[in-house]
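Asker: Structure incoming, see below.
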Amino acid sequence: MTRHQSAPELVEVPDPVPGPGQVRLRVAAAGACHSDLHLMEWPAEQMVGQGLRLPFTLGHESAGWVDAVGAGVSAVRVGDACAVYGPWGCGHCRACARGAEQYCEVTHGMGGPGLGGDGGMAEYLLVDDVRHLVPLGDLDPVAAAPLTDAGLTPYHAIRKALPLLGPGSTAVVIGAGGLGHLGIQILRAITSARVVAVDVAPGKLVQALALGAHAAVPAGEDAAAAIRAQTVGGLGAQAVFDMVGSAATMATAAAAVGAEGRITVVGLAGGALPFRFGTVPFDVDVSLPYWGTRGELFEVLDLARAGLIRAHVETVPLAGMPAAYDRLRAGDVSGRIVMVPSA
Ligand code: FEH
Ligand code: ZN
Ligand code: ZN
């Protein structure tokens, strides 16, 4: 990104040189996230307010191969396939000490690659510290890249709702796109909930069923009633994961969740949820989590290695990314678009 409230530009940048403790990664793939679209829309004051200064290279969901290491790096070797943990923290505060670098007391989840630092929409990505690399072993780095955000974010959210998702429970995923298509798979892999997918696009509902959703409901006025009909006794869902975050999807979540349930809003569409007596059932928790921990990224990759989840990717060369972002904005992407430099 070079200018506020503008489309990204393709520019030549020098190949990064790793300093002590750093690693240069040859990018295998970098996912295109809806959040990138929000970054392109944010006015200067909002970007600066989040600590994001232009210019920087987009791409906060990356994987690739170690290309060069700086002095003192021994945990990885040239040629190793690795995923990049994206929310780079200070490494020393309480949050970082437990691996929750997305909640770092210093960086507050920003400043990493593609979020103020130079990201993966490039041939090379400079990783600030080897702790932000997770070895992939035999996992394909192109398919693994989306797991670092589109997988890790719903995984973190679902992990927090686990106590609610036992036998007889219902979990709803609103938005079956980049995060939703992986959230459905993660719910099937680590919970015994009945999974209901909601989306505006018929094609995404078909894909959701193929990926393991037990039911698929078109978004809209009648969605909440259709969701409640899927729940035990029609009493509402135990957990609703809103991957969109618009006023309409939040209203659907509030009407679909049952008493003592949990609404988790992950999407950044900027909607608001009236939260007072009568707008949500009794004892409903509402949460707005952000990304996930370093330890959880290992667990997400373990799920992929076990064949329990897989990102459905469409590869695009770097030159094709401006048009790809336009398709993402138009809702015309199923699964995840990943930029592949060699495509
Ligand atoms: C990025 C920037 C701001 C908010 C949320 C995000 C997510 O896409 C990161 O997972
Ligand atoms: Zn993202
Ligand atoms: Zn920290």
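The values are calculated or read from the model by the stated rules, or taken from the named source; none is laboratory data. It should be emphasised that the depicted structure is a prediction, and the values quoted were computed from it without experimental measurement. Heads up, the Cβs are rebuilt from the backbone with ideal geometry, glycines too, and the neighbour counts pull from every protein chain shown. Heavy atoms of the whole protein, side chains included, go into the accessibility calculation; ligands, DNA and RNA do not. Shrake-Rupley method; radii C 1.70, N 1.55, O 1.52, S 1.80 Å.
Asker: Assess whether Arg194 counts as being more than 18 Å from the chain's Cα centre (by Cα), farther than 25 Å from Met339 by Cβ and charged (D, E, K, R).
Answerer: So Arg194 passes the test.
Asker: Can you name the residue in the stretch 10-26 that is among the aliphatic types (A, V, I, L, M) and out of contact with any helix residue (DSSP H, G or I) (no Cβ under 9 Å at 6 or more places or on another chain) and is also surrounded by the fewest Cβ atoms within 10 Å (Cβ to Cβ) among such residues?
Answerer: Val11
Asker: Find all pairs meeting these conditions: Cβ atoms under 8 angstrom apart; at least six residues apart or on different chains; first residue within the stretch 231-250 and over 18 Å from Ala157 (Cβ atoms) and outside any helix (DSSP H, G or I); second residue open to solvent by 10 Å² or more (accessible area, probe 1.4 Å) and of a type in the set (A, V, I, L, M, F, W, C).
Answerer: Sorted first by the residue in the stretch 231-250, then by its partner, the pairs are Leu235/Ala259; Gly236/Ala259.
Asker: What is the one condition in (1) buried (at least 24 other Cβ atoms within 10 Å of the Cβ); (2) assigned to a loop (DSSP other than H, G, I, E, B) that Gln185 does not satisfy?
Answerer: (2)
Asker: Now a separate question. If Gly70 satisfies every condition in (1) more than 22 Å from the chain's Cα centre (by Cα); (2) within 16 Å of ligand 3 (Cβ to nearest atom) but one, which is the exception?
Answerer: (2)
Asker: Give Gly270, Gly292 a once-over and let me know the one that is assigned to a loop (DSSP other than H, G, I, E, B) and surrounded by 19 or more Cβ atoms within 10 Å (Cβ to Cβ).
Answerer: Gly292 is the lone residue from the list that is assigned to a loop (DSSP other than H, G, I, E, B) and surrounded by 19 or more Cβ atoms within 10 Å (Cβ to Cβ).
Asker: So, one more: Looking only at the stretch 48-57, filter to residues that are away from ligand 1 (no atom under 11 Å from the Cβ) and either among the β-branched types (Val, Ile, Thr) or closer than 30 Å to Ala176 by Cα (or both); which one of those is least open to solvent (accessible area, probe 1.4 Å)?
Answerer: Phe56
Asker: Let me confirm something: among Met40, Met110, which residue is more than 17 Å from the chain's Cα centre (by Cα), within 16 Å of ligand 2 (Cβ to nearest atom), within 24 Å of Pro8 (Cα to Cα) and surrounded by 15 or more Cβ atoms within 10 Å (Cβ to Cβ)?
Answerer: Met40
Asker: Check off (1) of a type in the set (A, V, I, L, M); (2) under 12 Å from Ala145 (Cβ atoms); (3) more than 19 Å from the chain's Cα centre (by Cα) for Ile337 and give me the number that stays unchecked.
Answerer: (3)
Asker: Can you tell which of Leu147, Leu162, Leu126 is open to solvent by 50 Å² or more (accessible area, probe 1.4 Å) and in a helix (DSSP H, G or I)?
Answerer: Leu162
Asker: So, one more: Of all residues in the stretch 25-37, how many are within 16 Å of ligand 2 (Cβ to nearest atom) and outside any helix (DSSP H, G or I)?
Answerer: Qualifying residue count, the stretch 25-37: 5.
Asker: Are any residues in the stretch 39-81 in a strand (DSSP E or B) and among the hydroxyl-bearing types (Ser, Thr, Tyr), and if so, which ones?
Answerer: Correct list: Ser62 only.
Asker: For the stretch 70-78, does any single residue satisfy the condition of being touching a residue at least 24 places away in the same chain (Cβ under 8 Å), open to solvent by 30 Å² or more (accessible area, probe 1.4 Å), more than 17 Å from Ala144 (Cα to Cα) and β-branched (Val, Ile, Thr)?
Answerer: No.
Asker: Next up: Applying the selection to the stretch 188-225, what residues are of a type in the set (A, V, I, L, M) and assigned to a strand (DSSP E or B)?
Answerer: Filtering the stretch 188-225 down to residues of a type in the set (A, V, I, L, M) leaves 189-190, 193, 195-198, 200-201, 205-206, 208-211, 213, 215-217, 219, 223-225.
Result: Val195, Val196, Ala197, Val198, Ala215, Ala216, Val217.
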